[in-house]
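The values are calculated or read from the model by the stated rules, or taken from the named source; none is laboratory data. Predicted model only: the values in this text are computed from it and were never measured. Cβ coordinates were reconstructed from backbone atoms using ideal geometry, including for glycine residues, and neighbour counts include every protein chain displayed. Keep in mind that these areas ignore ligands, DNA and RNA; they rest on the heavy atoms of the full protein, side chains included. Shrake-Rupley method; radii C 1.70, N 1.55, O 1.52, S 1.80 Å.
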Amino acid sequence: MAHTAAPTAVPAAPLTLPVKAILPWAVFFGILMLALIYFVGAEQGATSLISGASVHEWVHDGRHLLGFPCH
């Protein structure tokens, strides 16, 4: 019975992503995160873009969780 040689493993090349493919998504998520931080951390009082306390009530627990003072 003849033994056949096992195929040698070829090392995988590292995955490369062009910056042009990543940049639009990075900008989109960066703007989304800035808007989220604004609404959680600063949407109340003098800097309020939306009148009333509805946004404050929706993100109230998140403010305490992230350490933002709100009252």
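Nearest 10 degrees is fine. How inclined is helix 19-41 to the longest principal axis of the chain, computing both from alpha carbons? Orientation of helix 19-41: about 30 degrees from the principal axis. Taking only protein heavy atoms and a 1.4 Å probe, the accessible area of the chain is 74% carbon and sulfur.
Per residue and in Å³, how big is the convex hull formed by the alpha-carbon atoms of the chain? Write out the running numbers ahead of the final one.
Working: hull volume 14.2 nm³, N = 71.
Considering the Cα atoms of the chain, their hull volume per residue is 200 Å³.
Helix 54-66 and the longest principal axis of the C-alpha atoms of the chain enclose an angle of approximately 60°.
Once you list every other residue whose beta carbon is under 15 Å from the beta carbon of PHE39, what net charge do they have if Lys and Arg are +1 and Asp and Glu are -1?
On the way: positive: ARG63; negative: GLU43, GLU57, ASP61.
Here the count lands on -2.
In the context of the full set of protein chains, residues of the chain present 89 Å² of accessible surface per residue (probe radius 1.4 Å, heavy atoms only).
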